[in-house]
Amino acid sequence: MGSVTELRPAEGTRAEGSAASLPAGTRERPTVETTPETRARMSRQKSRNTEVEIALRRALHAAGLRYRVHRKPLKGVRREADVLFGPAKVAVFVDGCFWHGCPEHATWPKTNADFWRTKIEGNRRRDMDTDERLESAGWLAVRVWEHEDPVEAAARVTALVRARRARSGPG
């Protein structure tokens, strides 16, 4: 993964029943016992336009960068970048610590432990697959963790975008 940059910050996927959480060839959703409180809390989790994502976008905009929001970098691949720099071919993903298994902050729930471990590990595998697909198509995947300072993450993203723009020449 030479061109994948570990930066990682936002929410990633839906809580229950996404295709990434199911074993290959499985059509039924796994049975998950939850309390009404847990179900309500999980349904309030945003997957787009989170506070961290908006703060990152503001910092990128303040640095003079223009970008697309929530776009698919590759046709035919159902995966969206949170921030996309098309001509520079840089796709930024803001990943939530829980949903994407942050090495610093990830927690493994005790309730429905097998379901959540399968779900989070599936998200991690999908993230790696996305990064590999982007790399093979000439893109740079940048991952920002939600716990990161958005201004610092934006400075790193800005440097990467400007370096790729300089490398590709004027235009």
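Test of understanding: among GLU33, GLU28, GLU11, which residue is modelled with pLDDT of 60 or more and among the acidic types (Asp, Glu)?
Just one listed residue meets the conditions, GLU33.
Hey, GLU53 hits all of (1) under 20 Å from ARG162 (Cβ atoms); (2) surrounded by 16 or more Cβ atoms within 10 Å (Cβ to Cβ) but one; which does it fall short on?
(1)
Confirm whether PHE85 is touching an Asp or Glu at 6+ places or on another chain (Cβ under 9 Å), buried (at least 19 other Cβ atoms within 10 Å of the Cβ), modelled with pLDDT of 95 or more and of a type in the set (Phe, Trp, Tyr).
No; evaluated as a whole, the condition is false for this residue.
Look through the range 101-141, keep the residues that are among the aromatic types (Phe, Trp, Tyr) and surrounded by 13 or more Cβ atoms within 10 Å (Cβ to Cβ), and return whichever of them is farthest from the chain's Cα centre (by Cα).
Selected residue: PHE115.
Name the single residue that is surrounded by the most Cβ atoms within 10 Å (Cβ to Cβ) among those in the range 155-171 being among the hydrophobic types (A, V, I, L, M, F, W, C), touching a residue at least 60 places away in the same chain (Cβ under 8 Å) and over 15 Å from ALA81 (Cα atoms). Quick ask: steps written out before the conclusion?
Narrowing the range 155-171 to residues among the hydrophobic types (A, V, I, L, M, F, W, C): 155, 157, 159-161, 163, 166.
Subsequent filtering for residues that are touching a residue at least 60 places away in the same chain (Cβ under 8 Å) retains 155, 157, 160-161.
Right, trim to over 15 Å from ALA81 (Cα atoms) and you get 155, 160.
Details: ALA155: 14, LEU160: 19.
Among them, the one singled out is LEU160.
Regarding PHE98, is this residue free of Cβ contacts under 8 Å to residues at least 24 places away in the same chain, over 29 Å from ALA166 (Cα atoms), surrounded by 14 or more Cβ atoms within 10 Å (Cβ to Cβ) and touching a Ser or Thr at 6+ places or on another chain (Cβ under 9 Å)?
yes
The values are calculated or read from the model by the stated rules, or taken from the named source; none is laboratory data. Remember, it's a predicted structure, so these values are computed and weren't measured experimentally. A quick note on method: Cβ atoms are made from the backbone with ideal geometry, for glycine too, and the neighbour counts reach across all protein chains shown.
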